[in-house]
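What follows is one structure encoded as structure tokens, with my remarks underneath.
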């Protein structure tokens, strides 16, 4: 069997009295998997959440949390960030709403401001609807909007049938 035809390359070196045999395997799929795994590991390790400020707004009955995400500028989605903040502070992810996420020029750190409410009812009464929709995944958002359109269409057809 020819080692070059099987993707295995045998390297022999003479190091004085010792001969070193080393087998190197060159597989693009294997190298891609290793790169992806290392990239995911690095991304998971770098997802640190540092609390900069945690204020309680008694008048509006909410917590205003300012957080620093290290090395996450341009990499982190709002939904992922709200889940991370909810996990760090022990809150429900539906009650944490991202209000502002910004980074500074030349830096990789991301500063986010989040509002945390005690119940979902308070969240729905104080936060505009479009902010709540942004916090959902695309599939959930499309499903919810489709159901609302269907309900409006049925109501319109029922009113036209009466009138």
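The values are calculated or read from the model by the stated rules, or taken from the named source; none is laboratory data. Values in this document were obtained by computation on a predicted structure and should not be read as measured data. With ideal geometry, Cβ positions are generated from the backbone for all residues, glycine too; neighbour counts draw on all protein chains shown.
Computed quantities for the displayed model
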item: Residue that is farthest from residue 69 (Cα to Cα) [pool: residues in the stretch 91-126 that are over 16 Å from the mean Cα position of the chain (by Cα) and surrounded by 17 or more Cβ atoms within 10 Å (Cβ to Cβ)]; result: 123
item: Which listed residue is in contact with a helix residue (DSSP H, G or I) (Cβ under 8 Å, 6 or more places away or on another chain) and either modelled with pLDDT of 90 or more or not in a strand (DSSP E or B) (or both), from 82, 6; result: 82
item: Tally of residues being part of a loop (DSSP other than H, G, I, E, B) and within 18 Å of the chain's Cα centre (by Cα) across the stretch 127-141; result: 3
